[in-house]
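Structure first, then comments.
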Amino acid sequence: MPIDIDDFQEYCEFGPERVYLLLAIARAKDNEGLTASSERVIREIVAEAEELPETVARLDHAVSRFEERYRLYLTVNARDTTSALFRLRERTDDWLEMRFHGDTDVLRKFKRVDSEFLSVLQSDACADETNFLFDLDDVSAAAADAFADSLADSTTVLLRRETPNGFHVVTEPFDYTRLSAGVDYELKTDDMVFVGFAGE
């Protein structure tokens, strides 16, 4: 079954230094035998709106050969590639200093610079915006709609997405301290929004 990404193509705002990360994650809650520390993750950079469908298809195909069930997520905030490059340079300088002082364990990092860059890019420090993600668990579509409608006077709702356990509602940042919601939620300021299940 194809993964619906139409609303993501409208949501994402790309730019010369703005990208998003698309992640396929085999989560412990979906896979017996996996623990939180052994969850498997495949990350891809999406640099243009036109790349989103092919990147989703590529990750969908990549995980189809595994037995585990994978979820696809997109970073809720765009990432700043220039900031990530500077932070990666700081890391690699540290690695070189460690190597010059005789550390041989650091050599393995030299072989995986690409995945180190993805890790840095996903870090909070490289977020290029601060959209809010409200994670609503165990709520109906009507309750999620009512929650989104209740935010209209305070902010702009950018995305509403059904998840396996409820809904994700993404908004522009606002003063949420006075928010009176009719449902329980968890507010996340730099997380990932659910895209769909991959490899099915």
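Values as computed for the structure displayed
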{"quantity": "Matching option when the condition is open to solvent by less than 50 Å² (accessible area, probe 1.4 Å), within 28 Å of residue 45 (Cα to Cα) and of a type outside the set (S, T, N, Q), among 157, 106, 113", "calculated": "106"}
{"quantity": "Every residue from the stretch 132-153 that is open to solvent by 10 Å² or more (accessible area, probe 1.4 Å), touching a residue at least 24 places away in the same chain (Cβ under 8 Å) and not aromatic (Phe, Trp, Tyr)", "calculated": "135, 137, 138, 139, 141, 143, 146, 150"}
{"quantity": "Count - residues of the stretch 116-131 that are more than 12 Å from the chain's Cα centre (by Cα) and either among the small types (Gly, Ala, Ser) or exposed (fewer than 13 other Cβ atoms within 10 Å of the Cβ) (or both)", "calculated": "2"}
{"quantity": "Failed condition for residue 18, given (1) touching a Ser or Thr at 6+ places or on another chain (Cβ under 8 Å); (2) of a type in the set (D, E, K, R); (3) more than 21 Å from residue 172 (Cα to Cα)", "calculated": "(3)"}
{"quantity": "Residues satisfying the stated conditions in the stretch 51-93, i.e. under 27 Å from residue 171 (Cβ atoms) and assigned to a helix (DSSP H, G or I)", "calculated": "51, 52, 53, 55, 56, 59, 81, 82, 83, 84"}
{"quantity": "Meets criteria (among the hydroxyl-bearing types (Ser, Thr, Tyr) and more than 30 Å from residue 91 (Cβ to Cβ)) for residue 154", "calculated": "yes"}
{"quantity": "Subset tally (residues that are over 17 Å from the mean Cα position of the chain (by Cα) and open to solvent by less than 20 Å² (accessible area, probe 1.4 Å)) for the stretch 64-91", "calculated": "1"}
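The values are calculated or read from the model by the stated rules, or taken from the named source; none is laboratory data. Note that the structure is predicted; figures quoted are calculated from it, not measured. As a convention, Cβ positions derive from the backbone with ideal geometry for all residues, glycine included, and neighbour counts pool all protein chains shown. All accessible areas refer to the heavy atoms of the entire protein, side chains included, with ligands and DNA or RNA removed. Shrake-Rupley method; radii C 1.70, N 1.55, O 1.52, S 1.80 Å.
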